[in-house]
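Computed from the coordinates by the stated procedures, all read-outs in this text should not be read as laboratory data. The model shown is predicted, which means the values in this text are computed figures rather than measured ones. Please note: Cβ atoms are built from the backbone with ideal geometry, for glycine as well, and neighbour counts cover all protein chains shown.
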Amino acid sequence: MNYFIEQTVNALSLGGTYALLALGLAVVFSILGMINFAHGALMTLTGYALVFASLVGLPFGVAAPIAVVFTMGSAVVLELVAFRPVRRASGATMLLTSFAVAVLLQLAFQIFISTRPQIVPLPALLTTAVDIGDISIGVNRLISIAVAVVVLLGLNVFLRRTTIGLAMRAAAEDFDVTRLMGIRADRVIATAFALSGLLAAIAAVLWIAQRSSVDPLMGMIPVLKAFIATTMGGLGSLLGAVLGGLLLGAIEIYLAAYLPDSALPFHGAITLGVVIVVLVVRPQGLVGPSRELAR
Amino acid sequence: MPLLVISGLTVRYGAIQAVRGIDLAIEAGEVVAVLGANGAGKSTTLKAIVGLVAWGGEIHFDGASLQGRATEQIVRRGMTMVPEGRRVFPSLTVMENLTLGAAAHADGKAMPRNRAEAFELFPILAERREQRAGTLSGGQQQQLAIARALMSEPRLLLLDEPSLGLAPQIVDSIFELILRLKQRGQTILLVEQNVAAALDIADRAYVLANGMISMSGPAETLRASEQVARAYLGAAVEAAAP
């Protein structure tokens, strides 16, 4: 039973991080109809910002918010420089553009920083564990869950209570009519990228808090997982992204915990098998896609 | 000087010339109808005015050229359009739809006043304020679409086929509503296939055919020459009927 509780904490922690990443992809997809494969590079960028902030002597608690804001800004700049010129182009063009941005950033990290992992010094608190009864749970896991919950609640308030939040939900359904409300298309799209940058950066900080190192490919695998999560949840649906992320985290952790040793090598295959089953049963994902995707 | 002046308007979709040189003007306080068969270029003309399609020629609103202006800029200058097929935001509540309608309004404090006015004009919306717009009936969605447009207090309201796809009784109530807006002094450019009903409330009308104006004049004159109008629209109207 204790083992199960520990694994559940792990599942929520990993699933929460996947959920934040998947949300970042879904926010942009719901408005532009583009899967942003440079999302992983934004994660990595957060990691290097953390490394540099630590190098100049800033404590983690200060470095992390700086890295998050830096990543948000970078996401907005990426939109301006790379995605705005192809906004009216076909989906394939936008997809390839996002691949190009991802590869360019990755190469830049390799050339200008290092191909080897860089260490991010973590505060001692993050590497300790708390004992509840005879269960021992890592503080980083608990923080990770708490942060994910706070971010999800905050995002929910933002999307319901602010005009720009409402405009983003509206734009996901009907972009032209949103503009007929006098809402600036550029502002909605820039906000979508800022939001996705924020989500990628927070996920990156949580990711690094479990690993304490950054390498040029750091963001690739988690964002690939997040892509699987958004697809499983229902492309374009924010709720689906969260559910997909949590479900994928749970599948991965419980399989790793309970599969017999002989089956462990097939862990990844079984995970993807479950995803395939979900998509065969519900091709539109767990939550149906939003009714009309913006062009 | 008229509120809206259009001269030599052209719109093409690829190889197809949808609008081929339209001249049109609307004075403040007027209700002007644009009539014609399916595919005559009516909706395209409206979309051009609000900048949702690329166009050639000249459009002046309140003396300023709209050339190169984005839709949101045009809306902020004081005109908006109720699009064909209503297009409310289905997953947003009635309230949220109305809030967005007021987003372009310079005065933030106007929101509650305009919303109260909208609820007075459309009591059903007040009742359903927390309901998702997608769950409303077609007639209620049309009311919401018009109420949403009015939230920005437009000096010019463009209505694109407000009666399309609605039951006859509902159509009557929508036209009654447009008449009430007219009595309040709202300037309206109305695109309709329901020729008789549109001529009943309009001051003037233009008849479009094949992307050009084939007739124009005061509503009474066009109604009097209804036979001519019918002869002109007849074939196309029948072809467009389900």
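Summing +1 for each Lys or Arg and -1 for each Asp or Glu, what net charge is found among the other residues whose Cβ lies under 12 Å from the Cβ of B:ASN97? Write down the numbers at each step before the final one.
Details: positive: A:ARG169, B:ARG86, B:ARG87, B:ARG115, B:ARG128, B:ARG129, B:ARG132, B:ARG148; negative: A:GLU173, A:ASP174, B:GLU96, B:GLU130.
Overall, the nearby charge balance is +4.
Charges at C-beta only: +1 for Lys and Arg, -1 for Asp and Glu. How large is the resulting dipole of chain B about its Cα centre, in Debye rounded to 20? Walk me through the numbers on the way to the answer.
On the way: 23 positive and 24 negative charges, 111 e Å.
Here chain B has a charge dipole of around 540 debye.
Before anything else, pin down the relative contact order of the range B:151-221: Cα pairs under 8 Å, at least 6 apart, normalised by residue count, whole percent. Provide the component values of the computation, followed by the final result.
Numbers: 66 pairs, mean separation 20.7, N = 71.
Once divided by the residue count of the range B:151-221, the mean separation gives 29 percent.
Mind listing P(r) for the range A:1-92? All alpha-carbon pairs, 10 Å bins, whole percents.
Histogram of Cα-Cα distances, whole percents per bin: 14, 34, 29, 18, 5, 1.
So if I take the alpha carbon set of the protein assembly as shown, get Rg, then get Rh from the Kirkwood formula, what is the Rg over Rh ratio?
On the way: Rg = 27.9 Å, Rh = 26.0 Å.
Rg divided by Rh gives 1.08.
How charged is the neighbourhood of A:LEU105? Take every other residue with its Cβ under 15 Å from the Cβ of A:LEU105, and add Lys/Arg as +1 and Asp/Glu as -1. Write out the running numbers ahead of the final one.
Working: positive: none; negative: A:GLU79, A:ASP215.
Once all neighbours under 15 Å are counted, the net charge is -2.
Based only on other Cβ atoms within 10 Å, what is the fewest-to-most ordering of A:HIS267, B:HIS60, A:HIS39?
Working: A:HIS267 14, B:HIS60 17, A:HIS39 29.
Arranged by neighbour count, lowest to highest, A:HIS267, B:HIS60, A:HIS39 become A:HIS267, B:HIS60, A:HIS39.
Computed over the Cα atoms of chain A, what is the convex hull's projected area averaged over all directions, in nm²? Don't skip to the answer; put the middle values down first.
Numbers: hull surface 65.6 nm².
The number I arrive at for chain A is 16.4 nm².
Taking the range B:76-166, which GluC sites (Glu not before Pro) meet the DSSP loop condition and have no more than 10 other C-beta atoms within 10 Å? List each step's numbers first, then the result.
On the way: sites: B:GLU84, B:GLU96, B:GLU117, B:GLU120, B:GLU127, B:GLU130; in loops: B:GLU84, B:GLU130.
Those that pass, being in a loop and sparsely packed, are B:GLU130.
Projected onto the charge dipole of the protein assembly as shown (+1 at Lys/Arg Cβ, -1 at Asp/Glu Cβ, origin at the Cα centre), which of B:MET79, B:SER214, B:SER173 gives the Cα projection farthest towards the positive end?
B:MET79
Once every DSSP H run of n ≥ 4 in chain A is given -39500 (n - 2.57) and the sum is divided by its residues, what mean residue ellipticity at 222 nm do you get, rounded to the nearest 500 deg cm²/dmol?
Working: 11 runs with 204 residues, N = 295.
-23500 deg cm²/dmol, from helical runs alone.
Expressed as an acute angle from 0 to 90° and rounded to the nearest 10, what is the orientation of the C-alpha long axis of helix B:138-150 relative to the principal long axis of chain B?
Around 90 degrees separate the two axes.
Tally Lys and Arg at +1 and Asp and Glu at -1 over the other residues with C-beta under 12 Å from the C-beta of B:ALA209: what net charge comes out? Show your work: numbers first, answer last.
Values: positive: B:ARG20, B:LYS42; negative: none.
Overall, the nearby charge balance is +2.
Would you mind ranking A:TYR254, A:TYR48 so that the residue whose beta carbon has the fewest other beta carbons within 10 Å leads the list? Mind dumping the intermediate values first?
Numbers: A:TYR254 15, A:TYR48 23.
Sorted ascending by nearby Cβ count, the order is A:TYR254, A:TYR48.
How high is the relative contact order of chain A, given as a whole-number percent (alpha carbon pairs under 8 Å, six or more residues apart)? Working shown, then result.
Details: 475 pairs, mean separation 111.7, N = 295.
Reported as a whole number, the value is 38 percent.
Would you calculate the convex hull of the Cα atoms in the range A:138-222 and tell me its volume per residue in Å³? All intermediate terms of the calculation are to be shown ahead of the outcome.
Working: hull volume 8.7 nm³, N = 85.
Hull volume over Cα atoms, normalised by residue count, gives 102 Å³.
Just want the ordering: A:MET181, A:MET94, from fewest to most Cβ atoms lying within 10 Å of their own Cβ. Show your work: numbers first, answer last.
Numbers: A:MET181 28, A:MET94 20.
Starting with the residue having the fewest Cβ neighbours, the order is A:MET94, A:MET181.
What does the helix-only formula give at 222 nm for chain B: each DSSP H stretch with n ≥ 4 adding -39500 (n - 2.57), the total divided by the residues, and the result rounded to the nearest 500 deg cm²/dmol?
Numbers: 10 runs with 96 residues, N = 242.
Calculated mean residue ellipticity at 222 nm is -11500 deg cm²/dmol.
Can you give me the Cα centroid spacing of the range A:142-211 and the range A:1-43 in angstrom?
The distance from the Cα centre of the range A:142-211 to that of the range A:1-43 comes to 14 Å.
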